[in-house]
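One structure is given below, encoded as structure tokens.
What follows draws every value from the coordinates through simple rules; no lab data is involved. Just so it is clear, the model here is predicted, and its values are computed rather than measured. Glycine gets a Cβ as well: all are built from the backbone with ideal geometry, and neighbour counts include every protein chain shown.
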Amino acid sequence: MSTSTQPIGNSGLVQISSVEEMIQQRVAEERLRLEREAGIAHKEVHHFHKPIERPFTKDQRSRTTLLFGGLTWKHEKLVHGALEGLGYKVEVVPTPNVKAFQLGKEYGNNGQCNPTYFTVGNLVQYLQHLETSGQKREDLINNYVFLTAGACGPCRFGMYEAEYRLALRNAGYDGFRVMLFQQSGGLDQSEAEAGLEMNLDFFLNILNGLNMGDVINETAYQIRPFETDGGATDAVLDEVIDYMHDVLKTKSPWTVEERLGSVANKIPMKGTVQYLGKFLEQLYSDGYVEALHHCKDRFNSIKVDRLRVKPIVKVTGEFWAQTTEGDGNFGMFRFLEREGAQVIVEPIATWINYMIHQVVQRTKDMRGLEEGAVMPPSWRLDKQAKIEWNYRNKLMKLKAAEMIFAREYHKIVDALGGTAHKLVSQYELQRVGHPYYNSRAAGGEGHLEVAKNIYYTNHELAHMVLSLKPFGCMPSTQSDGAQSAVVAHYKDMIYLPIETSGEGEINAHSRVQMALGEAKVKAKTEFKEVLEKIGKTTDELHSYVDSHPELSQAVYKVPKYKGVIGTAANVAIHVAEQMGSSVPYHLEAH
Ligand code: SF4
């Protein structure tokens, strides 16, 4: 234990180590006394320690494949391209199915949440598939690494890493390496030797891949319900994802050597210049923008009829359950579309933004305090000023990170035609959600589930909110309780929570069908009222649209009018305005 001298209160200087030792000693004495009183024998405690794993080193990179998954196939393919662009061998673990869920139950711990079973079992299933395709088990263990996001909790997310290891061991893959994004130092590798270099290039490439995945994915969900040729959206989606995969793969990271050649080694502070150069390239280069314009043009080749009346369903819930597009949420997105809905999907960027926002919040809550430090007395203005400076400095950096992240995301939205939603302000979500769910209560989606329900209803963006909540999810169970207060407060809200599991699909689908029936009535009534107020028939609107082809373009930004939710209803007002009619509606301010 290091010894330092710090002022305590106004009483002068005290040896910190002696205070801590004294506290530890008294705690130990008191514990012994209580144990004696209760008749409990004192036992040695053996805490769990993370097993020491074989490191993934730089010299293994050319023969080691990184495995990852757990998102949508669009995000995965783009991140695949981004990682290949950095020189890694990469493979995507396919979207989990019910078989993966069963393997997760068989090889993992009991009593986990639903996403744990699906994702853990999925990795085992993929390794089994590789083995049956002819690969030797020892080669899989030596030449593959599974890469996943990690956290320290407080929900079961904190246990994922341990769960992967347990299931892999039980399934016969003991020694298979699992690496967490947050874990760059966890394998005791120096940066120079690390097989996976978690540097600025790595994070920028992954963020670009994820952000593009979000925006392209949402754009496709906006178009598909209105396509006039069935399957046209999916065909273009395949094509643009392949195209952007290659763009990400072939774009080499900015380097000072590339710019300055042999002079690069002579410039002072080369590391800082390298870092700044990469950062500025990200902010100001429009290399991706041109490629996204091409994607927009490809989407515009799809013919749409936006005067079809469809209820808009906003899907929220737990992060994985609201993202996956397979058995993990009963294939809910395709089911909703088959049943006639237009779906608003949740971007992964909301969760990244939420993570940054939580740190901002914690920093604000800690203002005037420094972790682990003894507070200086009030007369030590110099020390107090230092704490204040550190606080402001940290907050400023975090705010800059929030701003830059949103700016980069919106750059992609604009490049793809501006139809995808902008990121919802975390401050607004906190404001509306906090009265029902304490925004300091971390874990899972925290207050977001409640906040999004209120936000999308209040801002008239969806006819119905569907929350996908995994079986056994602790934060979702908490927010379910809070949602009853929300629903009681907002009487017109159509809100449906669905528990997702490895079974029960028919039951879940029929519950969604029932709520969707109400949402359809809401959408049809709204459209009928709009037609009455603008004094037009659908035939008149259709014939105007037919003579103005730009209105049938798939990536056409339809204005949003106050009090109007549905796409068809907003299009009707917009077309009536274009026809020269005066309409009793006002544009939503942005
Ligand atoms: S948020 Fe819920 S479902 Fe997701 S990891 Fe945590 S406990 Fe599991």
With +1 on each Lys and Arg Cβ and -1 on each Asp and Glu Cβ, how big is the dipole of the stretch 281-422 about its Cα centre, in debye rounded to the nearest 20? 460
Give me the angle, in degrees from 0 to 90, between the Cα long axis of helix 287-299 and the longest principal axis of the Cα atoms of the chain, rounded to the nearest 10. 40
Relative to the chain, whose Cα atoms define the longest principal axis, helix 474-489 and its Cα axis are tilted in degrees, nearest 10, by 50
Rounded to the nearest 20 Debye, what is the dipole magnitude of the chain about its Cα centre when Lys and Arg each give +1 and Asp and Glu each give -1 at the C-beta? 1060
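How large is the convex hull of the Cα atoms of the stretch 40-118 per residue, expressed in Å³ as a whole number?
Spelled out: Cα convex hull of the stretch 40-118, divided by residues, is 162 Å³.
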As an exercise, identify the chymotrypsin sites (Phe, Trp or Tyr not before Pro) in the stretch 30-78 lying in DSSP coil whose Cβ has no more than 10 other Cβ atoms within 10 Å. 48
Semi-axes in Å, largest first, for the stretch 442-585 (Cα gyration tensor, √(5λ)) are 36, 16, 14
Computed helical MRE - 222 nm, the chain, DSSP H runs ≥ 4 contributing -39500 (n - 2.57), nearest 500: -17000 deg cm²/dmol
For the stretch 36-78, the Debye formula with one identical point scatterer on each Cα and no solvent gives log10 I(q)/I(0) at q = 0.18, 0.20, 0.30, 0.33 Å⁻¹ as -0.84, -0.91, -1.04, -1.12
Across the chain, how large is the tail of the calculated P(r) beyond 30 Å, expressed as a percent of all Cα pairs? 61
Please report, in whole Å³, the volume per residue of the convex hull around the C-alpha atoms of the stretch 512-590. 118
Can you grab the distance from the C-alpha centre of the stretch 311-362 to the C-alpha centre of the stretch 218-252, Å, no decimals? 19
Show which aspartates and glutamates lie in cross-link reach of residue 136 when reach means a straight Cα distance below 19 angstrom and same-chain residues fewer than eight apart are skipped. 91, 174
Picking from 95, 113, 446, whose Cα lies most toward the positive end of the charge dipole for the chain (charges on Cβ: Lys, Arg +1; Asp, Glu -1)? 446
Under 25 °C and 0.890 mPa s, how fast does the stretch 445-530 diffuse according to Stokes-Einstein, given a Kirkwood radius computed over C-alpha pairs? Answer in µm²/s, whole number. 177
Which of the listed residues, 488, 465, 506, is farthest toward the dipole's positive end in the stretch 437-506, when Lys, Arg count +1 and Asp, Glu count -1 at the beta-carbon? 488
Folded to 0 to 90 degrees: helix 73-85 orientation relative to the chain principal axis, Cα: 60
Counting only Cα, what are the radius of gyration and maximum Cα-Cα distance Dmax of the stretch 222-354, in Å? 20.9, 65
Among 312, 126, 541, flag the residue with its Cα farthest along the positive direction of the charge dipole of the chain, charges on Cβ as +1 for Lys/Arg and -1 for Asp/Glu. 312
Quick one: the Cα spread of the stretch 77-130 along its three principal axes, in angstroms, biggest first? 39, 22, 16
Reach of residue 266 by Cα under 24 Å, taken over lysines that are not fewer than 8 positions away in the same chain: 278
As a test of understanding, state the convex hull volume per residue of the stretch 376-510 from its alpha carbons, in Å³. 177
Total Lys pairs in the stretch 371-514 closer than 25 Å by alpha-carbon, pairs eight or more apart in sequence or interchain only? 18
Rounded to whole angstrom, the alpha-carbon centroid of the stretch 385-429 lies from that of the stretch 460-498 at a distance of 27
Base-10 log of normalised Debye intensity for the stretch 224-296 (one unit scatterer per alpha-carbon) at q = 0.11, 0.25, 0.28 Å⁻¹: -0.46, -1.10, -1.21
For the stretch 305-405, which chymotrypsin sites (Phe, Trp or Tyr not before Pro) are both in a DSSP coil and crowded by at most 12 other Cβ atoms within 10 Å? 379
